[in-house]
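Data block below; observations after.
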Amino acid sequence: QVQLLESGGGLVQPGGSLVLSCAASGSIFSINVMGWYRQAPGKERELVATMTSGGSTNYADSVKDRFAISRDNAKNTVSLQMNSLKPDDTAVYYCNADVKVNWAFRARNYWGKGTLVTVSS
(Lines give C-alpha, C1' and ligand atoms only; values in the text may rest on other atoms or scores of the structure.)
Protein backbone atom coordinates (compact mmCIF):
# COMPACT_ATOMS: atom_id res chain seq x y z
CA GLN A 1 0.00 0.00 0.00
CA VAL A 2 1.17 3.48 -0.85
CA GLN A 3 0.42 6.58 1.17
CA LEU A 4 0.96 10.24 0.37
CA LEU A 5 1.23 12.59 3.33
CA GLU A 6 1.06 16.35 2.83
CA SER A 7 2.22 19.03 5.22
CA GLY A 8 2.73 22.77 5.30
CA GLY A 9 -0.73 24.21 4.80
CA GLY A 10 -2.08 27.06 6.86
CA LEU A 11 -3.19 30.66 6.93
CA VAL A 12 -1.11 33.26 5.12
CA GLN A 13 -1.67 36.89 4.20
CA PRO A 14 -1.97 38.00 0.57
CA GLY A 15 1.48 38.44 -0.92
CA GLY A 16 2.97 35.93 1.48
CA SER A 17 4.70 32.63 0.90
CA LEU A 18 4.15 29.05 1.94
CA VAL A 19 5.84 25.72 1.26
CA LEU A 20 3.91 22.49 0.90
CA SER A 21 5.61 19.13 1.19
CA CYS A 22 4.49 15.62 0.36
CA ALA A 23 6.15 12.33 1.20
CA ALA A 24 5.23 9.04 -0.42
CA SER A 25 5.67 5.90 1.65
CA GLY A 26 4.96 2.21 1.35
CA SER A 27 5.79 -0.34 -1.28
CA ILE A 28 7.31 1.89 -3.97
CA PHE A 29 9.36 0.72 -6.92
CA SER A 30 9.28 3.99 -8.83
CA ILE A 31 7.30 7.21 -9.21
CA ASN A 32 6.95 8.86 -12.59
CA VAL A 33 4.76 11.94 -12.30
CA MET A 34 4.36 13.56 -8.90
CA GLY A 35 2.69 16.85 -8.14
CA TRP A 36 -0.03 19.03 -6.74
CA TYR A 37 -3.68 19.68 -7.44
CA ARG A 38 -6.09 21.96 -5.61
CA GLN A 39 -9.79 22.30 -5.03
CA ALA A 40 -11.39 25.55 -3.98
CA PRO A 41 -14.84 25.64 -2.37
CA GLY A 42 -17.53 25.07 -4.98
CA LYS A 43 -15.01 24.38 -7.73
CA GLU A 44 -13.57 21.31 -9.42
CA ARG A 45 -10.14 19.95 -8.57
CA GLU A 46 -7.50 21.45 -10.85
CA LEU A 47 -3.86 20.88 -11.65
CA VAL A 48 -1.38 23.19 -9.96
CA ALA A 49 2.00 21.75 -10.88
CA THR A 50 3.56 18.40 -11.69
CA MET A 51 7.05 17.09 -12.24
CA THR A 52 8.27 13.89 -13.88
CA SER A 53 11.11 11.82 -12.46
CA GLY A 54 13.25 13.29 -15.21
CA GLY A 55 12.54 16.84 -14.11
CA SER A 56 10.00 18.00 -16.67
CA THR A 57 7.44 20.34 -15.17
CA ASN A 58 3.90 21.42 -15.94
CA TYR A 59 2.23 24.41 -14.30
CA ALA A 60 -1.23 25.90 -14.36
CA ASP A 61 -1.16 29.29 -16.06
CA SER A 62 -2.55 30.88 -12.90
CA VAL A 63 0.51 29.94 -10.83
CA LYS A 64 3.35 30.26 -13.34
CA ASP A 65 6.07 32.64 -12.12
CA ARG A 66 4.70 32.42 -8.56
CA PHE A 67 4.92 28.73 -7.64
CA ALA A 68 7.85 26.35 -8.02
CA ILE A 69 7.73 22.57 -7.76
CA SER A 70 10.68 20.43 -6.75
CA ARG A 71 11.31 16.74 -6.13
CA ASP A 72 13.70 14.45 -4.37
CA ASN A 73 13.44 11.17 -6.28
CA ALA A 74 15.58 9.29 -3.79
CA LYS A 75 13.30 10.28 -0.90
CA ASN A 76 10.03 10.11 -2.86
CA THR A 77 9.11 13.64 -1.86
CA VAL A 78 7.72 16.61 -3.71
CA SER A 79 7.48 20.22 -2.56
CA LEU A 80 5.66 23.31 -3.75
CA GLN A 81 7.09 26.74 -3.03
CA MET A 82 4.23 29.23 -3.25
CA ASN A 83 5.04 32.93 -3.47
CA SER A 84 2.95 36.05 -3.97
CA LEU A 85 -0.10 34.22 -2.74
CA LYS A 86 -3.52 35.58 -3.61
CA PRO A 87 -6.95 34.99 -2.04
CA ASP A 88 -7.82 33.00 -5.20
CA ASP A 89 -5.14 30.49 -4.20
CA THR A 90 -7.25 29.48 -1.20
CA ALA A 91 -8.01 25.78 -1.58
CA VAL A 92 -7.31 22.30 -0.32
CA TYR A 93 -4.05 21.21 -1.94
CA TYR A 94 -3.66 17.54 -2.79
CA CYS A 95 -0.50 15.61 -3.49
CA ASN A 96 -0.73 13.18 -6.41
CA ALA A 97 1.62 10.52 -7.70
CA ASP A 98 1.80 7.78 -10.33
CA VAL A 99 3.43 4.92 -8.46
CA LYS A 100 4.76 1.56 -9.60
CA VAL A 101 4.98 -0.95 -6.76
CA ASN A 102 6.80 -3.49 -8.91
CA TRP A 103 8.77 -3.31 -12.17
CA ALA A 104 6.25 -5.57 -13.87
CA PHE A 105 3.13 -3.70 -12.78
CA ARG A 106 1.48 -0.66 -14.31
CA ALA A 107 1.66 2.59 -12.42
CA ARG A 108 -1.31 3.39 -10.24
CA ASN A 109 -2.48 6.88 -9.32
CA TYR A 110 -2.56 7.86 -5.66
CA TRP A 111 -3.89 10.90 -3.79
CA GLY A 112 -3.06 12.40 -0.44
CA LYS A 113 -5.79 13.56 1.92
CA GLY A 114 -5.07 17.21 1.28
CA THR A 115 -3.86 20.22 3.20
CA LEU A 116 -5.77 23.49 3.48
CA VAL A 117 -4.20 26.73 2.33
CA THR A 118 -6.07 29.90 3.24
CA VAL A 119 -4.92 33.24 1.87
CA SER A 120 -6.60 36.05 3.76
CA SER A 121 -5.86 39.25 5.60
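The values are calculated or read from the model by the stated rules, or taken from the named source; none is laboratory data. Note that this is a predicted model, so its numbers are computed, not measured. The protein model used for the area step is the full one, side chains on, heavy atoms only, and it has no ligands, DNA or RNA in it. Shrake-Rupley method; radii C 1.70, N 1.55, O 1.52, S 1.80 Å.
Any chance you could list P(r) for the chain, counting all Cα-Cα pairs in 5 angstrom bins from zero, rounded to whole %?
Pairs per bin, as whole percents: 2, 12, 23, 24, 18, 10, 6, 2, 1, 0, 0.
Reported to two decimal places, what Rg/Rh ratio describes the stretch 25-86 when computed on Cα atoms with Rh from the Kirkwood expression?
With Rg and the Kirkwood Rh in hand, the quotient comes to 1.00.
Among Lys100, Lys113, Lys75, what's the order by accessible area (1.4 angstrom probe), most exposed first?
The most accessible residue leads, giving Lys113, Lys75, Lys100.
With the full set of protein chains in place, find how many percent of the accessible area of the chain is carbon and sulfur; take the probe as 1.4 Å.
47 percent
Within the chain, how many lysine pairs that are 8 or more places apart, or on different chains, have C-alpha atoms less than 27 Å apart?
For the chain, the number of qualifying lysine pairs is 10.
Under a 1.4 Å probe, what is the accessible area of the chain per residue, stated in Å²?
Roughly 56 Å² per residue, with all protein chains present.
Solvent-accessible area of Leu5, probe 1.4 Å, all protein chains present, reported in Å² to the nearest ten, please.
Solvent-accessible area, nearest 10 Å²: 120 Å².
For the full complex of protein chains and a 1.4 angstrom probe, list Asp72, Asp61 by accessible area with the highest value first.
Asp61, Asp72
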